[in-house]
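Visitor: My questions all concern the structure below.
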Amino acid sequence: MSQRTIVVVGGTSGIGREIAADCVRRGDRVVITGRDRERTEAIAAELGPAARGVALDISEPHTVADSLSSVETVDGLVLAAIERDANTIRDYDIDRAIRLTTLKLVGYAATVRALLDRMPVSADTGIVLFGGRAKDLPYPGSTTVSTINGGVTGLINTLALELAPIRVNALHPGIIGDSPFWASKPAGVLEQYERHTPGGRLATMADVVDATQFLLRNRGVSAVNLPVDRGTALL
């Protein structure tokens with residue numbers, strides 16, 4: 001198979017960067033995006049000559065098409081750009097809610113639309129959207145996050161139908177113990193969550209990377225919402 005080009009939106013840090021690095025190791029060309037051009041290009045250089053960086057802010061969806069105009073071909077697209085938010089309904093911050101909703105639902109859809117004419121119309125082409133387990137397991141302050149991650153499910157259903165045979169799936173990580181966000185928490189916090197997983201272990205970034213590659217490349221999988229949380233919902 002000829003060398004594939006994978007675009008990782010939100011590929012400058014955390015899980016997105018790990019996915020991009022794994023694609024490079026597999027022999028793919030990779031385009032990573034981030035809001036800051038210099039930082040994004042510097043991180044792409046660290047990933048190696050098969051990677052390049054493009055400045056993109058999907059919270060400004062009207063700018064997405066122009067920002068991605070230099071991308072020539074897309075064999076796989078990973079939409080891993082996220083922002084964390086705590087927003088209870090009693091203290092509802094409308095501006096933050098609008099920003100996050102725009103970023104994840106409108107921004108994700110705008111990115112797919114902008115790149116669609118450069119995607120081979122084939123089951124070999126995969127699109128993976130990142131949601132999150134808050135859609136099923138809400139917590140105080142997850143009003144916006146739970147709503148949006150639930151919206152990702154609706155989004156992949158319509159995209160998988162409209163874009164077939166191109167495949168569209170969603171990955172919903174739980175608490176990822178070694179991610180930069182969670183690894184910085186006090187040990188007692190992680191231990192509390194570990195007690196709520198069968199086996200007493202949290203999922204890792206490597207688990208998420210592996211699951212992303214499965215959804216990205218398996219020709220038989222489309223319109224699937226895949227949780228990566230080591231069975232948290234069972235306890």
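Visitor: Filter region 187-200 for residues that are surrounded by fewer than 20 Cβ atoms within 10 Å (Cβ to Cβ) and not basic (Lys, Arg) and give the result.
Guide: Answer for region 187-200, where residues must be surrounded by fewer than 20 Cβ atoms within 10 Å (Cβ to Cβ) and not basic (Lys, Arg): 187, 188, 189, 190, 191, 192, 193, 194, 196, 198, 199, 200.
Visitor: Looking at region 62-71, is at least one residue in contact with a helix residue (DSSP H, G or I) (Cβ under 8 Å, 6 or more places away or on another chain) and at pLDDT below 95?
Guide: No.
Visitor: From the set of residues in region 210-228 that are farther than 18 Å from residue 17 by Cα and of a type in the set (A, V, I, L, M, F, W, C), which is nearest to the chain's Cα centre (by Cα)?
Guide: So, considering only residues that are farther than 18 Å from residue 17 by Cα and of a type in the set (A, V, I, L, M, F, W, C), the one nearest to the chain's Cα centre (by Cα) is 226.
Visitor: Go over the candidates 96, 113 one by one and state the one that is assigned to a helix (DSSP H, G or I), of a type in the set (Lys, Arg), modelled with pLDDT of 95 or more and open to solvent by 60 Å² or more (accessible area, probe 1.4 Å).
Guide: The match here is 113.
Visitor: Can you find a residue in region 150-163 that is surrounded by 21 or more Cβ atoms within 10 Å (Cβ to Cβ), in a loop (DSSP other than H, G, I, E, B) and in contact (Cβ under 8 Å) with a residue 12 or more places away in the chain?
Guide: No, the conditions are met nowhere in region 150-163.
Visitor: For region 201-229, give me the residue count where each residue is over 24 Å from residue 126 (Cα atoms) and open to solvent by 30 Å² or more (accessible area, probe 1.4 Å).
Guide: Within region 201-229, residues that are over 24 Å from residue 126 (Cα atoms) and open to solvent by 30 Å² or more (accessible area, probe 1.4 Å) number 1.
Visitor: Checking residue 144 against (1) surrounded by 21 or more Cβ atoms within 10 Å (Cβ to Cβ); (2) under 23 Å from residue 19 (Cα atoms), which single condition isn't satisfied?
Guide: Residue 144 satisfies all of (1) surrounded by 21 or more Cβ atoms within 10 Å (Cβ to Cβ); (2) under 23 Å from residue 19 (Cα atoms) except (2).
Visitor: Something else about it: Go through region 17-36 and count every residue that is closer than 21 Å to residue 65 by Cβ and not basic (Lys, Arg).
Guide: Count: 6.
Visitor: Would a scan of region 77-86 turn up a residue that is touching a Phe, Trp or Tyr at 6+ places or on another chain (Cβ under 7 Å), within 25 Å of residue 233 (Cβ to Cβ) and open to solvent by less than 30 Å² (accessible area, probe 1.4 Å)?
Guide: Within region 77-86, one or more residues are touching a Phe, Trp or Tyr at 6+ places or on another chain (Cβ under 7 Å), within 25 Å of residue 233 (Cβ to Cβ) and open to solvent by less than 30 Å² (accessible area, probe 1.4 Å).
Visitor: Go through region 116-141 and give me each residue that's of a type in the set (Val, Ile, Thr), open to solvent by less than 50 Å² (accessible area, probe 1.4 Å) and part of a loop (DSSP other than H, G, I, E, B).
Guide: 125
Visitor: Please list, ordered by first then second residue, the pairs with beta carbon atoms under 7 Å, 6 or more apart or interchain, first in region 29-53 and under 17 Å from residue 80 (Cα atoms) and of a type in the set (Ser, Thr, Tyr), second assigned to a helix (DSSP H, G or I) and open to solvent by 10 Å² or more (accessible area, probe 1.4 Å).
Guide: none
The values are calculated or read from the model by the stated rules, or taken from the named source; none is laboratory data. All values derive from a computational prediction rather than experimental measurement. In this analysis, Cβ positions are derived from the backbone assuming ideal geometry, glycine residues included, and neighbour counts consider all displayed protein chains. Please note that ligands, DNA and RNA were not included when accessible areas were found on the heavy atoms of the full protein model with its side chains. Shrake-Rupley method; radii C 1.70, N 1.55, O 1.52, S 1.80 Å.
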